[in-house]
Every structure is written in C-alpha cells, then in structure tokens.
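The structure under discussion appears below in the form of structure tokens.
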Amino acid sequence: MKTTPFLPILTLTTGLLLTAGPAFAQMAEGLDNTPEATPAAAAAAAAKKPEAAPAAAVETKEIEASRFAGDELPAYVRQLAARFSIRKRTTDCFGRYQDPNFVAPEPKAINKTPGPRSYKPEPPMPFSDVVAGITINTVIPGKQKFLIGNRSFSANDSFSVRLPNGKQLTVKVVSVTAERIRFRNVTTNETADLTLNMLPAGMQKGTGKITAPGFEPVDSNAPVEIQPSVPLSNN
C-alpha cells in the first residue's frame, strides 16, 4: 500500500478554500432569512441612540490628534470649534457685533452748550523792549543821523518795525546823541531811549585819567624849565 504525502494535500485544500470563500459568502447572504426592518422598528432604533454630548461636555474633553477622528469627523470639528475664543467675544475681528439683532446705543453729547473759552490774549510787548531790539551800526551825532544796516535815518524820520508775533509798529526818531537815541511810538506816543555803546568788542570807556606808557602826566604847579641863550661854563 502506497502512502500519500501530507504536505501536497494540505496545500491543495487551502487553495480550494480560498477560492471558494466569496461563493460561500454569497450563499450565506442568500440563506439569510432575517426579516427586513420596518419603518417603526427603524424609528425605535433611532430613538434608542444616545444623544450628542452638550457643548460644555465636548469642550472639557481632551482633544486628540485629527488622525484619530475616523468616521466621527463632524463631532471632532464641533469639539475643536467649541474652544475658539471668538465664541466668547461680543465683536468679531472687524469690530462688528456678532449678534445680528444688537442695537448700539446712541452717543450722548457731554456738554451741548459750550462754556466760556479760557483763551487769554498775549500781552503787548513793552515799547522799551521793542527799542532795545533795534541794532545800530553807526551814529553821526553832528548830523543827527544813524545807520541800521545800510539804511540811514535822521531825527524826525519814521519807519516800521516787525515784532516777533508778526505785527508791525511805526516808530519815530525824536533825537540822536552820541550816548542815546530816543524813539516814539506813533500809535501810543510812548517814548523809549536806546543807550548806545559803539566801542569795538573788548573796549570800554575810561573812568579816570588815561596815561599812555612813556608819557609823564602834566603837573600844573611844576616850574618851567629855562634854556640859557649863552652856554654856561662847566668850570
């Protein structure tokens, strides 16, 4: 009696089972005698399904990575969107109210009747300060003249000056001396003197007798020296 090898028989049996798998499955589906679900049964089954968790419960649940969402992708998106800070804000990113029925209150005027202004006019510049700001280049007392830049003015002449605030003022020359020049405001008749100091820089007027080096002061009581006409003998 011949013995049949076991390994070839096992391999052949496994191939037949794998090939007949789909056919067996179709036969099982055909033999399924389970009655179809009626509409009433479907409604009852839907009623037995658990309700979705509230937003607060979804928010407190730890959010996992999106790759674990699977078929529950809408629930995962709702869980993620529940934590957006925009849900807790009154306005959106453009500053508009998120509630479409919100009515903004009308602005109220703080003070409808304006009160008195606290503006104070600038005090006028004293005429003495105006005269002190005039720069004199040269004075000719004998002719009652003086120079401001390259312009010559004499006594009884009038000219305009412009103040720092832009206003103009007309002044009149009253008198010219070596020490001072007197001006008069034509509008108010106020007078002011401009004291002159025409010495070059570094020089000042002397207050006593000035004696140059090498010169002896003149003594009014000193005797007059006489030179004889005939030479005297030295013997």
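With respect to residue 152, determine if the residue is surrounded by 11 or more Cβ atoms within 10 Å (Cβ to Cβ), farther than 26 Å from residue 123 by Cβ and not β-branched (Val, Ile, Thr).
Yes.
Could you count how many residues in the stretch 119-138 are farther than 21 Å from residue 186 by Cβ and more than 35 Å from the chain's Cα centre (by Cα)?
Summing the residues that are farther than 21 Å from residue 186 by Cβ and more than 35 Å from the chain's Cα centre (by Cα) in the stretch 119-138 gives 2.
Which residue pairs have Cβ atoms closer than 6 Å, lie 6 or more positions apart in sequence or on different chains, and pair a first residue in the stretch 75-96 that is more than 18 Å from residue 63 (Cβ to Cβ) with a second residue that is surrounded by 10 or more Cβ atoms within 10 Å (Cβ to Cβ)?
Cβ pairs passing all conditions: 91/97; 92/98.
It is to be established whether one or more residues within the stretch 171-188 are loosely packed, with under 10 Cβ neighbours inside 10 Å and at pLDDT 85 or above.
For the stretch 171-188, residues loosely packed, with under 10 Cβ neighbours inside 10 Å and at pLDDT 85 or above: absent.
Working carefully through the options 226, 210, find the one that is at pLDDT below 70 and exposed (fewer than 10 other Cβ atoms within 10 Å of the Cβ).
The match here is 210.
The values are calculated or read from the model by the stated rules, or taken from the named source; none is laboratory data. Note that the structure is predicted; figures quoted are calculated from it, not measured. Neighbour counts are summed over all protein chains in view; Cβ atoms, including those assigned to glycine, are modelled from backbone coordinates with ideal geometry.
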